Amino acid sequence: MTKVAFITLGCAKNQVDSEVMLGFLRAAGFVPVSDLSQAEVAV
């Protein structure tokens, strides 16, 4: 499984968009991580 980290900047709408994208990635088999150094993909 591919580890993914999100970096969200800006307004609350950006946070919502990141959460939606994270949901799609989870459904596709990605594993979210909070530590950027452990991520294989950063969005």
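Here, each number is a calculation from the coordinates, and none is a lab measurement. The model shown is predicted, which means the values in this text are computed figures rather than measured ones. Here the Cβ is made from the backbone with ideal geometry for all residues, glycine too, and neighbour counts use every protein chain on show.
Between 0 and 90 degrees, the angle of helix 12-27 with respect to the longest Cα principal axis of the chain falls at about 30 degrees. With both labels modelled 7 Å from their Cα along Cα-to-Cβ, the Leu36 to Lys13 distance reads 2.5 nm.
Work out, in µm²/s and without decimals, the Stokes-Einstein translational diffusion coefficient of the chain at 25 °C, 0.890 mPa s, Rh from Kirkwood over C-alpha pairs. The partial results should precede the final answer.
Working: Rh = 10.5 Å.
Answer, rounded: 234 µm²/s.
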